[in-house]
1. 222 nm [θ] for the protein assembly as shown, helices only, -39500 (n - 2.57) per DSSP H run of 4+, per residue, to 500?
2. With the dipole of segment A:67-283 worked out from charges on the C-beta (+1 for Lys and Arg, -1 for Asp and Glu) around the Cα centre, which of A:A228, A:A139, A:T183 lies farthest toward the positive end?
3. How high is the relative contact order of segment B:105-168, given as a whole-number percent (alpha carbon pairs under 8 Å, six or more residues apart)?
4. Take the alpha-carbon centre of segment A:267-293, take the same for segment B:92-109, and report the distance between them in whole Å.
5. Taking a cut-off of 27 Å between Cα atoms, list the lysines near B:K29, but don't count ones fewer than 8 places away on the same chain.
6. For segment B:105-168, what D do you get in µm² per second when you plug the Kirkwood radius from alpha-carbon pairs into Stokes-Einstein at 37 °C and 0.692 mPa s?
7. Just to confirm the number: angle between the C-alpha axis of helix A:255-270 and the first principal axis of chain A, 0 to 90 degrees, nearest 10?
8. GNM on chain B, C-alpha springs below 10 Å: top fluctuator among B:Y28, B:Y147, B:Y39?
Amino acid sequence: MSQTRFPLPLRPEVEFDVKAPKELGDVAKPLSFFEKLAANGAVRHGVILIVVALIWEIYARYLDRPLSFPTFLDTLEALRDGFASGVIPARLSVTLQTLVIGYFIGLTIAAVLTTVAVTSRIGTDLLSTFTAMFNPLPAIALLPLALLWFGLGRPSLVFVIVHSVLWAVALNMHSGFLSVSETLRMAGRTFGLKGLRFVFGILIPAAFPAILAGLKIGWAFAWRTLIAAELVFGVSSGQGGLGWYIFEKRNTLDTASVFAGLLTVMAVGLIIEAVIFRLIEAKTVRRWGMQRG
Amino acid sequence: MALMMDQALAQTTSSSPLLSVDGVTLQYKTPDHLVTATYRISFDIQRHERFVLLGPSGCGKSTILKAMAGFLYPVEGCITLKNHVVDGPGPDRMMVFQEFDQLLPWKTVEQNVAYPMRVNGIGAQDAKARALDALAKVNLSKFADAYPHMLSGGMKQRVAIARAMAMKPDVLLMDEPYAALDALTRRKMQEELLQLWEDIGFTLVFVTHSIEEAVVIGSRIVLLSPHPGQVRAEINCAHLGLNERASPEFAELTGRISHMLFDGQNVAH
Ligand SMILES: Nc1ncnc2c1ncn2[C@@H]1O[C@H](COP(=O)(O)OP(=O)(O)OP(=O)(O)O)[C@@H](O)[C@H]1O
Ligand SMILES: [Mg+2]
């Protein structure tokens, strides 16, 4: 090796004394109050919201047409009244009940379908055909049919929600199960896990990131579909949901309350998506290092 | 040397083997190929042996190990454990895989080690105690509450080893468990494994492609030919361990093995 085509430079050897970590001072030091504040996503989002509210208020006052565009403060007042009189909470609870029923029926059917799909070839084919067929169909398009079958009332809404949840969740669960690594499967089986114990002990937790993504998509579909469905055919057996509230207030030209209803729809969606699902994520997939963020 | 042979001979004739691989051909079916990974492999493993499978990359070492674990079925020949044909995986043959993703990411290190014991009906207290004990042996007590994604590749491998050892299986199958470790840690783990073997005397099947490691760990080595794997030789080396690494006998044996493996090809080692 002494004779190479590429002349190597002659350089002296050096040695350094390495300090013990203790002598290096602050290797890890806590962030200052403002650094922490800026790193906090909630604070940054809050600032944006305040700015948007300010612009809204100024523009609405300048426009001065409360029937089509109420001010921010009027909307807040309508919102407060709606809550104080108990109308919005009552409507919200009707909507949420319908939603929870539909969501869980949808999840159950999705779980059964997926289990059949992972255990048999014909099941896989069934699932992929069905999802390919029904996934592109907007749930709301089924509403006329649902009304025909189940009449005016909660069952029709539940039917539509089940449809909107089912295919998205089943698709995600299935691809989640398929992507569980061969090594994890083999590890589970050397422990002696079989059948349902294997599904619950290995497959479901290993596929949890995909399952959770499916739950989130399913939730988002269901929430939007339900509000839209309620708007379209409104009241059922004397008690309407949040969509009906919005529709009703528009009919009486109480535009501030329409805005209040919309804000409630947004707030609930946000709370579920950004708080509840985030919390589940933080406690599971993030903690386990299965999802970054 | 001759004495060793006689002893080995006496053993094989006196007791039936714990694990026996008899004329086993293993194949993989891919959509457009039929890959033969090993061809008519036969060997017996006696109780308490430290049995090493040695061969070049791709010769089918992992494949045989997986077949012994019960994940693959031979297309020809059969594998028997205690005179029963192996027909599926089970906790009597714990396996340490070559891959890094063998730990359950949703369980802490300690839970990972305790989980197989819990699955097999060992009480929570007992399982925890054994798990902590096994973790101490692989020097990871400090990380008992960490999640696998916080560990380095080598540390994950050590957790997998602790998990397998804590189960006290009939046979411990290890697939290149130390390949990912730095030289120092590897040496330490080899010492630990041999010490543990002195303590418990489990039967070990160990896959490696390092000749030096094979001689240090093994009491008997099976040499496999390059793909598709066939048995090239069986060699005794129980008399050579960590302390004999500098001896001429050690060098002579590694030279002989390397010659057989590469069949006169000029490969520096
Ligand atoms: N899942 C698979 N599908 C198809 N062929 C495979 C599969 N796994 C392994 N093989 C083939 O079987 C042969 C043996 O593979 P194996 O993994 O047993 O090798 P190995 O001896 O463990 O190698 P290494 O030392 O690199 O781990 C290889 O030629 C490989 O291409
Ligand atoms: Mg291998």
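Nothing in this text is a laboratory measurement; each read-out follows from the coordinates by a stated rule. This one's a predicted model, so the numbers in the text were calculated from it and none came from an experiment. Positions of Cβ are generated from backbone atoms using ideal geometry, with glycine treated the same way; all protein chains shown enter the neighbour counts.
1. Values: 21 runs with 294 residues, N = 562.
So the helix-based figure for the protein assembly as shown works out to -17000 deg cm²/dmol.
2. Farthest towards the positive pole: A:T183.
3. Working: 69 pairs, mean separation 31.0, N = 64.
Relative contact order of segment B:105-168: 48 percent.
4. 27
5. A:K194, B:K61, B:K66
6. On the way: Rh = 11.2 Å.
Using the Kirkwood radius from Cα pairs, D works out to 294 µm²/s.
7. The answer is roughly 30 degrees.
8. Comparing B:Y28, B:Y147, B:Y39 in a Gaussian network model of chain B, the most mobile one is B:Y28.
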